[in-house]
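A short write-up of the structure that comes next.
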């Protein structure tokens, strides 16, 4: 019996395997995954693909979740690090091409850009979406892509312009001139503005106003003051937004000033900025300390000085730290949203555009909106454009202190960076205005050239 | 045929007419008749073979009446027969290692009849080494196999590579990636984790890739779960003939591990107990306080900086000069690494059985402590069972083997511990009277512009706990004498659990860090079913053996991670329940595999061998239409010493074989699911919606990588196999490279799995000599020696210039070629390192490579070994046995300078004493540039050039006294006791190393890593 059983079983197995190999090696997808065909088959799943982008932006500590503020803050004259590590390279304006934070900025931005391109292609090729749904998703994705390119071009100068997911094409793309990047950014934003509704999910997803506000900023950066003024005016006069009454209220979730913010997603971290800036007690040394230069620029009665900075005292020394966001973890108080665009910026954009268009009195009016909220007396430039521009630079510095790298970007935009940073940084070199292209990228793409000075 | 020839010969020689016929029988010592023995009349061409009953008849003449008996596997016998009687010749079985059983794919053979390239390490060789990981037992003993330890810490991983690097992408940015691992099979079951590190978290044994710690392969070895003393043999399969039957997974060679079986007879109980100690060997001395402070002051002076106690974010902050006691001195290296680790090993086994059933039951315990202060150790308990049963008619056979091991490795959790001895030598006290950590000195906080309290690293706990089960059941039935069926069922699983905690006691209170703990599991599982049929039949004067079978395999890997933060009580930190904030994630992948395979082996006249292998494989790692691949090999051997004219004319040549093989093997060594475009859910909802994120760049066209292997071998045995020599030449060409192709991040991802049409060639020569130099009754001396001379090169790489590898590889050079700046000493005027440009000029600012231009980079060398091998000498005098094993390797490696200059020597941390030979004033000729404390060009840019220059590489060749084992049999003492044998022994591992290496240890090549330890053990072995 035994022997027949074994012979029988063995033969069956050999025959079975020989005849049905294909079935034997069929595996399912991992339990938490889908294929791209399914993702863009209907509107609910396509929407999830866009939601993924936002979640991803808030989840990791990267370009869109704090690194911009910290790295650019150290590179400019706003912050210095207290912990040992590569951060000191930013403070010393001596960033090495192998710096992890720089590769994180670069790789993170391009990973977000890939996600957006994948959404754009998925939506365009989908047969399960209506034209209206498609336009909404495309507008959102293209606006997000423009946002990433804006930071890439400001950090690194010319960068490869990637607008497809096909790696056979994208892996050998060389750097594209900054003007072409800006052209693409403006095209994406204009498209988004033309198709997006006024609101999708409050101010925590891209809507028409976000595209408009970003357009205002991009026009300012490209020196197109007329269009910058037009776009900023559109936001300011929409009356959908108003300045918070006091600096402390600016970053609260219900703040009317917010144009675009990201929701916290981690079950622990509130905003990454609060998480990294706010020490666990006032006797702990903060990871990042506000520089004397910045600290002393706030005058005594500026409300922003007391409301947007905290002070730690350790072993008798005082360490001021950024305190715009107050809740490091969601257990520390009201969870805050991470604000990307707010109305105050539109006033400053318009003020600067007006000043450059030699419309000093309008510029004064806009600047005084910001000063007033900070508890400062009105300012008059006595119709002097230089004085006006200088005051605008100071208000940018104070109102957007340690916020999204505005100081670093503005100093570069206005060409004042060498003059300003030579004064506060011993080893300042003009080449340090652009971060190095990460070493890995240069190695992996033979068509990518390094920035000067690295 | 033969008989006809002999008949013709007889007819042709009339002298034969006068001869006389003798008859006889040939048996072995157990009186079992032996078939096919050549019976010859000495000095004539008269010859015959014995029949199945061992009988023969042959004609002799009065002048030529000496008979010779030759048979494979037996010593040659000569006798002058008594013509009146039937002759009874008894042949003694030869002890030639040529006839020992050799395990191969789906069967066994002997070296004599194997046409493949296979090396065997026996239990005897393993048992003489005081090691706890079976991979360690292979170091230096197998030609063509390089096994390298990643660290000297208990449980740390080993890399294993057979016959060189086959795959591209071995390194990018100087960081090597997992090398081509061979396929590991234990008792017929592919080991579920293979040689992949089982840990997910960092710890002192797994610091991760990074210039400073330079331990890219560090991690926990899955082979810690295998008790070496349960291993009967390890076979290393190299060429196409030996590996092609493994098809797609044989491309990188195969390592077969076979566990011990029971022996029929009286039940034996054996016990082996040993105890020992391990120490660190020679390491680079660091500066003492006086030298260190000299360096610091000089650096400040060179930079024109005045030290202060306020600007801690700036290089001018100098508590070591201004606040610390400048007369205090602690040798931190001695403090952390100067301790002794202890090793305990207990192995016991019960074995026995009868003609039908045999068994072996074994239990083992192993404990290795750490050289770091504190209660850190790796403990392993293991059990193994082997059962065999056969029916009395020997038609039905069943074999069951199962082993279980529990391993817990409890170690310090912080990799920073490795560089703890960078601490300022005059650093203040670290703990107070109550053994609590101190975090500041004179109002200055630690880790703020100065060193951190390294005791904290010891208080971060980590453990890795694993349970491994490996079971195999093989049932076979002989339907007829020549046909048998068998089915092999195997199951292997390794479940590991990991914990890494940062309790508040280990956290600097001035940094406001919250206590946290990380929990993980990593589970591997494989099952395999392999039904097979084997047909064995004598055809003509040869033996035909046909094997056909199929294989279904299923693998899964599931990992989980949970991180808890905000613990309020350190006593609760090992539980996730006590964490107020928890985040979690998991991953799961599966892999299926199905194949049919076959082998045809024919041995004609015990002289000519032909062996064909074939396999058709399907793997779930490839997309539709690409899943199946065909592999195969052809091998042939000629035992030329069996030819009559050689036997007669070169009687000293007792064995000679020429063998050759050619075949195609493959590789599917990529991740699962690479052929589909996948989107996964986001870890958290945004608002209240879950999002999707793309997971990969996919490639639906993926197919197998293929390796074409060619081998030629010559094996010789002299003086009745007292000297055995084996040489092989091989050439492996790996094409259609299946690689994780590195992409610039602008594509959205760091890599994509691709087939790349680049050819990598590995060639080499391998020699093995085994010799029994002296074989007397009381004294025996034997030597074995192996040497491998490998050569690796990139044969072709279409499109190299536009690929991500443009600055990594050059066609014609080895894959492990190092490119870097050409270091040219220190400029006597400026005191800065300088380099030679490609135009031969000296500069301190050479040009970096860019695009496809290597800039001022030159070819520095290659990290692949030039040659390597081992030399074993064994001496036995009466009951005393001495084994000495030397491992040697000629290679280039990373020296200590690359790591010493990863920081800026002159800043506030200690460096090797050697750097005192620095440049001080114009005109100085020196090896090291001036000290500097700032981030100016001297400290930053030039050091960046320096660490990628030829200065960072140098000779890392060594000869290591790997194992010395002295044992003494006390069998005389136990004559009247129940003991069957008693032996005491002492063994030393890595006793000393002869090397010119600049740094700690030429094998692990890390300034801050833990070199392989010197281990001394004393032990006792007995059998009851």
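The values are calculated or read from the model by the stated rules, or taken from the named source; none is laboratory data. In this text the structure is predicted, and so the values were computed from the model without any measurement. Every residue, glycine as well, gets a Cβ built from its backbone with ideal geometry; the counts of neighbours run over all protein chains shown.
Would you point out which residue out of B:763, B:768 is away from chain A (no Cβ under 14 Å) and more than 30 Å from residue B:820 (Cα to Cα)? Explain how you work it out, then say what you get.
On the way: B:763 fails: more than 30 Å from residue B:820 (Cα to Cα).
From the options B:763, B:768, the qualifying one is B:768.
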> Does segment B:440-455 hold any residues that are within 14 Å of chain A (Cβ to nearest Cβ), in contact with a strand residue (DSSP E or B) (Cβ under 7 Å, 6 or more places away or on another chain) and modelled with pLDDT of 90 or more, and which are they?
Replying inline: B:453
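Considering B:923, B:999, which residue is in contact with a helix residue (DSSP H, G or I) (Cβ under 9 Å, 6 or more places away or on another chain), on the phi > 0 side of the Ramachandran plot and modelled with pLDDT of 90 or more? Spell out the reasoning first.
Values: B:923 fails: in contact with a helix residue (DSSP H, G or I) (Cβ under 9 Å, 6 or more places away or on another chain).
One residue alone meets the criteria, B:999.
Taking the conditions exactly as written (touching a residue at least 24 places away in the same chain (Cβ under 8 Å), assigned to a strand (DSSP E or B), surrounded by fewer than 23 Cβ atoms within 10 Å (Cβ to Cβ) and within 14 Å of another protein chain (Cβ to nearest Cβ)), does residue B:700 satisfy them or not? Please lay out each step first, then the result.
Working: touching a residue at least 24 places away in the same chain (Cβ under 8 Å): yes; assigned to a strand (DSSP E or B): no; surrounded by fewer than 23 Cβ atoms within 10 Å (Cβ to Cβ): yes; within 14 Å of another protein chain (Cβ to nearest Cβ): yes.
Against the criterion (touching a residue at least 24 places away in the same chain (Cβ under 8 Å), assigned to a strand (DSSP E or B), surrounded by fewer than 23 Cβ atoms within 10 Å (Cβ to Cβ) and within 14 Å of another protein chain (Cβ to nearest Cβ)), residue B:700 does not qualify.
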>> I want to confirm something. Restricting to segment B:80-109 and keeping residues that are assigned to a strand (DSSP E or B) and buried (at least 16 other Cβ atoms within 10 Å of the Cβ), which single residue is farthest from the chain's Cα centre (by Cα)?
In response: B:87
> Filtering segment A:150-164 down to residues that are out of contact with any strand residue (DSSP E or B) (no Cβ under 7 Å at 6 or more places or on another chain) and under 19 Å from residue A:191 (Cβ atoms), which residue is nearest to the other protein chains (Cβ to nearest Cβ)?
Replying inline: A:162
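Can you confirm whether residue A:253 is modelled with pLDDT under 95, farther than 30 Å from residue B:507 by Cβ, under 20 Å from the mean Cα position of the chain (by Cα) and within 14 Å of chain B (Cβ to nearest Cβ)? Before you say what the answer is, go through the steps one by one.
Numbers: modelled with pLDDT under 95: yes; farther than 30 Å from residue B:507 by Cβ: yes; under 20 Å from the mean Cα position of the chain (by Cα): yes; within 14 Å of chain B (Cβ to nearest Cβ): yes.
So residue A:253 passes the test.
Give the residues of segment B:771-813 that are in a loop (DSSP other than H, G, I, E, B) and within 14 Å of chain A (Cβ to nearest Cβ), sorted by residue number. Before the answer, list the steps.
Here is the first cut: in segment B:771-813, the residues in a loop (DSSP other than H, G, I, E, B) are B:776-778, B:797-799, B:803-813.
Within segment B:771-813, B:797, B:799, B:803, B:804, B:805, B:806, B:807, B:808, B:809, B:810 qualify.
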> Considering segment B:808-830 alone, what residues qualify as being farther than 25 Å from residue B:891 by Cβ and in contact with a strand residue (DSSP E or B) (Cβ under 8 Å, 6 or more places away or on another chain)?
Replying inline: B:826, B:827
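Scan A:147, A:221 and give me the residue that is away from every other protein chain (no Cβ under 14 Å) and either under 15 Å from the mean Cα position of the chain (by Cα) or buried (at least 22 other Cβ atoms within 10 Å of the Cβ) (or both). Steps first, please.
On the way: A:221 fails: either under 15 Å from the mean Cα position of the chain (by Cα) or buried (at least 22 other Cβ atoms within 10 Å of the Cβ) (or both).
Unique residue meeting the criteria: A:147.
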>> Which residue is farthest from the chain's Cα centre (by Cα), if the candidates are limited to segment A:391-442 and must be crowded, with 22+ Cβ neighbours inside 10 Å and within 11 Å of chain B (Cβ to nearest Cβ)?
In response: A:442
>> I'm checking my understanding of the structure. Among residues of segment A:111-144 that are part of a loop (DSSP other than H, G, I, E, B) and away from chain B (no Cβ under 14 Å), which one is surrounded by the most Cβ atoms within 10 Å (Cβ to Cβ)?
In response: A:129
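Does any residue of segment B:677-687 turn out to be in contact with a strand residue (DSSP E or B) (Cβ under 9 Å, 6 or more places away or on another chain), within 13 Å of chain A (Cβ to nearest Cβ) and part of a loop (DSSP other than H, G, I, E, B)?
Checked against the condition, which is being in contact with a strand residue (DSSP E or B) (Cβ under 9 Å, 6 or more places away or on another chain), within 13 Å of chain A (Cβ to nearest Cβ) and part of a loop (DSSP other than H, G, I, E, B), segment B:677-687 yields at least one hit.
Out of the strands (runs of 3 or more DSSP E) lying entirely within segment B:833-944, which hold 2 or more residues that are farther than 27 Å from residue B:960 by Cβ and touching a strand residue (DSSP E or B) at 6+ places or on another chain (Cβ under 6 Å)? Let's see the steps before the verdict.
Values: elements: B:833-836, B:857-862, B:867-877, B:880-890, B:892-894.
Passing ranges, in order: B:833-836, B:857-862.
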>> Can you tell me which of (1) part of a loop (DSSP other than H, G, I, E, B); (2) modelled with pLDDT of 90 or more; (3) under 30 Å from residue B:343 (Cα atoms) is the one residue B:1019 doesn't meet?
In response: (1)
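Given the structure, is residue B:640 within 31 Å of the chain's Cα centre (by Cα), assigned by TED's automatic domain parsing to the domain that holds residue B:755 and buried (at least 17 other Cβ atoms within 10 Å of the Cβ)? I'd like the intermediate steps shown before the answer.
Details: within 31 Å of the chain's Cα centre (by Cα): no; assigned by TED's automatic domain parsing to the domain that holds residue B:755: yes; buried (at least 17 other Cβ atoms within 10 Å of the Cβ): yes.
The answer is no for residue B:640.
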> Got at least one residue in segment B:814-831 being at pLDDT below 95, within 30 Å of residue B:129 (Cβ to Cβ) and either within 14 Å of chain A (Cβ to nearest Cβ) or within 29 Å of the chain's Cα centre (by Cα) (or both)?
Replying inline: yes
> Can you name the condition, by its number, that residue B:779 falls short on among (1) farther than 30 Å from residue B:712 by Cα; (2) buried (at least 20 other Cβ atoms within 10 Å of the Cβ)?
Replying inline: (2)
>> If residue B:710 meets every condition in (1) assigned to a strand (DSSP E or B); (2) free of Cβ contacts under 8 Å to residues at least 40 places away in the same chain; (3) in contact with a helix residue (DSSP H, G or I) (Cβ under 8 Å, 6 or more places away or on another chain); (4) under 30 Å from residue B:768 (Cα atoms) apart from one, which number is that one?
In response: (2)
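Restrict the check to segment B:574-594 and report whether at least one residue is more than 16 Å from residue B:672 (Cβ to Cβ), at the interface with another protein chain (Cβ under 9 Å from one of its Cβ atoms) and either under 28 Å from the mean Cα position of the chain (by Cα) or not in a strand (DSSP E or B) (or both). Don't jump to the end; show me each part of the working.
Here is the first cut: in segment B:574-594, the residues more than 16 Å from residue B:672 (Cβ to Cβ) are B:574-585.
Filter again for at the interface with another protein chain (Cβ under 9 Å from one of its Cβ atoms), leaving B:580-583.
The next check asks that each one be either under 28 Å from the mean Cα position of the chain (by Cα) or not in a strand (DSSP E or B) (or both); those that pass are B:580.
Yes, segment B:574-594 contains at least one residue that is more than 16 Å from residue B:672 (Cβ to Cβ), at the interface with another protein chain (Cβ under 9 Å from one of its Cβ atoms) and either under 28 Å from the mean Cα position of the chain (by Cα) or not in a strand (DSSP E or B) (or both).
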